[in-house]
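The values are calculated or read from the model by the stated rules, or taken from the named source; none is laboratory data. Bear in mind the structure is a predicted one, so any value in this text is a computation, not a measurement. For neighbour counting, all protein chains shown are included, and Cβ atoms are generated from backbone atoms with ideal geometry for every residue, glycine included.
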């Protein structure tokens, strides 16, 4: 029986590792790559460096167009990884708070499990930035596998 996995992607090496883990560990599954554009994130919800002095004004129509362009780059990268693993992949996007959108997508679709990356922040950094993975783990109605940064 095929399972459906949800893998939130942001184009970071860690989200790509989570996607690869999903392909390797669940080779009989269909995988949905979900990218969430967070209107509160001036960096287009991706790991690119953004100079807010030269980028379109945050929240403007041009900003959303740039975010969608970055999202397509992220999806192209995800599709390339899927092809490398001979895996099925579909893509979905949402706009809003990433943790909420991930959980909502899981509840609204037939998702069996979530595989996602986490930077494993702790202390003041986690308090300031929050932890999307932590929120998803505590709120998701399905099993969540968290892929973390490798520790040297």
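Is there a residue in region 34-52 that is assigned to a loop (DSSP other than H, G, I, E, B), buried (at least 16 other Cβ atoms within 10 Å of the Cβ) and at pLDDT 85 or above? Checked against the condition, which is being assigned to a loop (DSSP other than H, G, I, E, B), buried (at least 16 other Cβ atoms within 10 Å of the Cβ) and at pLDDT 85 or above, region 34-52 yields at least one hit.
Which helices (runs of 4 or more DSSP H) sit wholly inside region 53-152 and have at least 2 residues that are at pLDDT 90 or above?
Values: elements: 61-84, 98-108, 123-129, 132-139.
Counting at least 2 such residues, we get 61-84, 98-108, 132-139.
Could you tell me which residue of region 12-28 is surrounded by the fewest Cβ atoms within 10 Å (Cβ to Cβ), considering only residues that are part of a loop (DSSP other than H, G, I, E, B) and in contact with a strand residue (DSSP E or B) (Cβ under 8 Å, 6 or more places away or on another chain)? Outline the logic, then answer.
The initial filter retains those residues of region 12-28 that are part of a loop (DSSP other than H, G, I, E, B), namely 12, 26-28.
Then drop every residue that is not in contact with a strand residue (DSSP E or B) (Cβ under 8 Å, 6 or more places away or on another chain), which leaves 12, 26.
Working: 12: 15, 26: 19.
Among them, the one singled out is 12.
Contact annotation: residue pairs with Cβ atoms under 9 Å, 6 or more positions apart or on different chains, pairing a residue in region 68-87 that is without any contact (Cβ under 8 Å) to a residue 24 or more places away in the chain with a partner that is surrounded by 14 or more Cβ atoms within 10 Å (Cβ to Cβ) and assigned to a helix (DSSP H, G or I), are 84/20; 84/23; 86/23.
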